[in-house]
1. Restricting the search to the range 68-89, which residues are within 26 Å of residue 154 (Cα to Cα) and surrounded by 18 or more Cβ atoms within 10 Å (Cβ to Cβ)?
2. Is there any pair with a first residue in the range 33-48 that is at positive phi and surrounded by fewer than 24 Cβ atoms within 10 Å (Cβ to Cβ) and a second that is part of a loop (DSSP other than H, G, I, E, B) and at pLDDT 95 or above whose Cβ atoms are under 7 Å apart and which are 6 or more apart or on different chains, and what are they?
3. Would you check which residues across the range 51-83 are in a helix (DSSP H, G or I), more than 26 Å from residue 130 (Cβ to Cβ), touching a residue at least 40 places away in the same chain (Cβ under 8 Å) and in contact with a helix residue (DSSP H, G or I) (Cβ under 8 Å, 6 or more places away or on another chain) and list them?
4. If we scan the range 116-125, do we find a residue that is free of Cβ contacts under 8 Å to residues at least 24 places away in the same chain and more than 24 Å from residue 17 (Cα to Cα)?
5. Give the range 15-27 a look and list any residue that's touching a helix residue (DSSP H, G or I) at 6+ places or on another chain (Cβ under 6 Å) and surrounded by fewer than 20 Cβ atoms within 10 Å (Cβ to Cβ), or say none.
6. For the range 100-130, which residues satisfy the criterion of being more than 12 Å from residue 72 (Cα to Cα), touching a strand residue (DSSP E or B) at 6+ places or on another chain (Cβ under 6 Å) and outside any strand (DSSP E or B)?
7. Of all residues in the range 17-34, which are assigned to a loop (DSSP other than H, G, I, E, B), touching a strand residue (DSSP E or B) at 6+ places or on another chain (Cβ under 7 Å) and closer than 21 Å to residue 96 by Cα?
């Protein structure tokens with residue numbers, strides 16, 4: 001089980017290979033040389049996740065060469081429907097066994113109406129061109145994800 005220290009700023013981002021919404025394999029290592037926003041969200045097509053994804057869609061033209069990748073436990077078919085419904089236009093990855101969420105330390109015990117269960121903690125990570133975490137936003141709000149990304153990119157120059 002990963003801890004927050006494995007995904008601290010300055011550390012190497014945990015590698016992954018997952019299927020996207022088109023059933024194609026996506027490897028983080030193949031994106032070396034570009035900045036990558038990797039964000040984790042609990043479930044496609046729910047209010048918070050839709051707000052977050054649409055917010056990122058709306059700023060995609062402003063992030064230059066930065067790759068946007070969303071990761072959830074949803075299956076590729078559900079991710080494809082989510083992408084098509086909202087015209088997201090960026091990569092959505094399927095992590096049904098939450099293996100990558102665990103590597104990034106975002107598979108956590110959650111509480112809702114007195115019920116405890118394991119689930120994805122909404123979080124985002126900006127990975128630099130060398131594969132290191134340039135910025136980490138644990139427990140990020142859906143509305144803050146786009147603004148934090150733009151601010152971090154502006155700061156990095």
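The values are calculated or read from the model by the stated rules, or taken from the named source; none is laboratory data. These figures come from a predicted structure and were not determined experimentally. A quick note on method: Cβ atoms are made from the backbone with ideal geometry, for glycine too, and the neighbour counts reach across all protein chains shown.
1. Let us first name the residues in the range 68-89 that are within 26 Å of residue 154 (Cα to Cα), namely 68-71, 87-89.
Selection gives 68, 69, 70, 71, 88.
2. 33/129
3. Of everything in the range 51-83, those that are in a helix (DSSP H, G or I), more than 26 Å from residue 130 (Cβ to Cβ), touching a residue at least 40 places away in the same chain (Cβ under 8 Å) and in contact with a helix residue (DSSP H, G or I) (Cβ under 8 Å, 6 or more places away or on another chain) turn out to be 52, 55, 58, 82.
4. Within the range 116-125 (the criterion being free of Cβ contacts under 8 Å to residues at least 24 places away in the same chain and more than 24 Å from residue 17 (Cα to Cα)), the answer is yes, since at least one residue qualifies.
5. Correct list: 15, 16, 19, 23.
6. 128
7. The initial filter retains those residues of the range 17-34 that are assigned to a loop (DSSP other than H, G, I, E, B), namely 21-24, 32-34.
The next check asks that each one be touching a strand residue (DSSP E or B) at 6+ places or on another chain (Cβ under 7 Å); those that pass are 21, 34.
Matches in the range 17-34: 21 only.
A quick yes/no check of all residues on (1) touching a residue at least 60 places away in the same chain (Cβ under 8 Å); (2) under 20 Å from residue 33 (Cα atoms); (3) under 13 Å from the mean Cα position of the chain (by Cα):
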position: 91; (1), (2), (3): yes, yes, yes
position: 96; (1), (2), (3): no, no, no
position: 104; (1), (2), (3): yes, no, yes
position: 114; (1), (2), (3): no, no, no
position: 130; (1), (2), (3): yes, yes, no
position: 142; (1), (2), (3): yes, no, yes
